[in-house]
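Derivation of every value follows stated rules applied to the coordinates shown; laboratory data play no part. Just so you know, these numbers come straight off a predicted model, no measurement behind them.
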Amino acid sequence: MPNHELRKQISLFVPLSHWKAIRQEAARRNIPMTELCRRWMKSELTALLDQSGTSNRGQ
């Protein structure tokens, strides 16, 4: 059975032009904007978690 880590939501404020570009790229890939942002953040978060010794549970 997979280990389910609790989740928290984050909000980001970006210029409208950036938001539109992200929305367009997500549509091009046929994925939600949230998933696109998760994919973009994954490598940086993995490095951060490795550096801090924090578990990568819930991926």
Looking only at Leu45, Leu36, Leu16, which one moves most when the chain is put into a Gaussian network model with springs between Cα atoms under 10 Å? Leu16
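Whole-Å semi-axes of the chain's equivalent ellipsoid, largest first, each the root of 5 times a Cα gyration tensor eigenvalue? Mind dumping the intermediate values first?
Numbers: eigenvalues 132, 39, 25 Å².
Equivalent ellipsoid of the chain: 26, 14, 11 Å, largest first.
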